[in-house]
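These notes concern the structure reproduced below.
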Amino acid sequence: YSEVRFMDSPPNTGLFYFFMGSTIILVRYIKLRSSAKLIQQDCSKYDEIWNGILREEQAAQDVTRLARVIADANISGSARQFVCGVRGQHNSTLDKSHARRIYPDAFSRLSSADSAFSSNGPAESLPAGKARLPRQDSGLTDQLGSSQLQMQKEDWTASKAIPVSCLDQLFSGAQGANLLLRYSVRKWALESEGMFLLRQEQGRDCAVDDTQIKQFVKWKDCVGNPDMMDQVQWAKVKTVQRSIEKLIRSYRLSVSRLTDICRESIIFETVGDLRSCMELILTDSDVSVLRVKNRLDLEYDSRLSAGYRDVCVNLRIVSHRAKQLRVDNHVCEVQLLLRPIAENKSDYGHKRYKMFRDARGE
């Protein structure tokens with residue numbers, strides 16, 4: 001009879017944890033390398049375009065002046081979504097008839113198809129403790145958990161700023177802010193030779209080397225021409241699906257960090273025109289500029305954006321009408337692009353860039 005003795009202590013698990021940790025690091029490294037290869041060609045194209053722009057002496061000087069204009073503005077605000085309320089219950093739900101009554105000129109310019117108020121209509125008023133995502137994808141609510149999307153309804157003081165924690169509330173504010181932003185970018189484009197992208201006609205969206213053939217029109221050429229206005233391709237409000245992806249992968253479910261749900265782009269032939277538009281935005285009393293990302297700066301590392309360059313402005317529209325609509329706290333995004341860079345943008349390239357950011361967890 002022999003006694004079987006078991007080990008008094010559990011087996012050494014150090015080797016196991018070392019192996020698992022090393023595997024995770026290796027997989028992560030391979031993933032990052034493969035994602036970098038996805039955008040390598042895009043980086044080369046954009047860098048070639050940018051170097052061509054800088055070969056013009058006037059453009060190089062305007063790039064320096066642009067950086068100085070932004071630096072002199074001394075912008076140090078926080079680009080986050082906040083709600084500043086008055087005492088009593090408050091939410092950001094919009095009423096379409098109310099907006100139409102106090103903002104008739106903007107509604108008259110926008111077709112029903114392009115109206116910032118989507119066909120889904122404004123978000124419904126919900127009882128305290130309830131929340132839903134916009135109707136287009138309400139089934140995604142469970143992905144964030146009810147605790148992250150719970151509607152905050154409490155007594156607020158006029159001086160209290162509360163980060164937005166409800167995705168439904170954020171999208172509700174974006175519907176009204178989108179209308180006012182579109183009005184603002186038209187105004188800035190008119191005074192700075194700005195252009196907008198025209199809709200692609202069916203059958204003409206062919207691509208060579210995956211770069212789509214694009215057409216742009218100066219806004220001053222659209223004024224007084226309703227047919228041309230209808231051809232402008234305005235940016236859409238960011239989808240719920242993409243917003244949730246960014247919340248999970250980049251923002252740790254912090255809804256207030258989503259600042260590009262409502263966005264527009266203005267395209268320019270020259271850096272000088274772009275700089276003029278930047279000055280118009282900074283001096284416009286109807287907006288409050290919170291943050292400027294100057295990717296046209298000579299010191300900017302274009303590898304961070306797959307070679308892509310623009311001037312990205314986060315701002316709030318604080319006009320009297322924005323306050324009436326209660327969307328003056330909604331942070332919007334305006335992208336200022338040079339035409340050669342805008343022409344090189346493509347849906348395929350953007351998909352590759354999203355894959356690159358997803359792999360990096362951005």
Of the listed pairs Lys220/Lys293; Lys37/Lys187; Lys45/Lys293; Lys220/Lys246; Lys187/Lys238, those with alpha carbons more than 32 Å apart are Lys37/Lys187; Lys220/Lys246
For the stretch 231-242, Karplus-derived ³J(HN,Hα) couplings (6.51, -1.76, 1.60; θ = phi - 60°; whole Hz; x for glycine and proline) come out as 8, 5, 9, 7, 5, 9, 5, 4, 6, 5, 4, 5
So, with points 7 Å from each Cα along the Cβ direction, the Lys37-Arg199 label distance in nm works out to 4.0
Using a 1.4 Å probe on heavy atoms of the protein chains only, the accessible area for Lys214 in Å², nearest 10, reads 40
In nm, the gap between the two label points placed 7 Å beyond Cα toward Cβ at Ala71 and Gln231 is 4.2
A 1.4 Å probe over the protein heavy atoms gives the stretch 206-338 a carbon and sulfur accessible-area percentage of 44
The farthest towards the positive end of the charge dipole of the stretch 168-289, of the residues Gln231, Phe171, Trp219, given +1 on Cβ of Lys and Arg and -1 on Cβ of Asp and Glu, is Phe171
Rounded to 0.05, the calculated FRET efficiency for the beta carbons of His320 and Phe82 at R₀ = 30 Å is 0.95
Counting only residues 5 or more apart in sequence or on a different chain, those whose built amide H sits under 5 Å from that of Leu338 are Phe268
Taking a ≥ b ≥ c as the square roots of the eigenvalues of the Cα gyration tensor, with a/c under 1.5 meaning rounded and otherwise prolate when a/b exceeds b/c and oblate if not, the stretch 233-336 is oblate
Accessible-area order for Met195, Met228, largest to smallest, probe 1.4 angstrom, reads Met228, Met195
With every protein chain kept in place and a 1.4 Å probe, the stretch 281-346 has an accessible area per residue in Å² of 39
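The values are calculated or read from the model by the stated rules, or taken from the named source; none is laboratory data. All values reported here derive from a predicted model rather than from experimental measurement. Cβ sites come from the backbone with ideal geometry, for glycine too, and all protein chains shown count toward neighbours. For the accessible areas, the whole protein counts, side chains as well, though only heavy atoms, and no ligand, DNA or RNA atoms are used. Shrake-Rupley method; radii C 1.70, N 1.55, O 1.52, S 1.80 Å.
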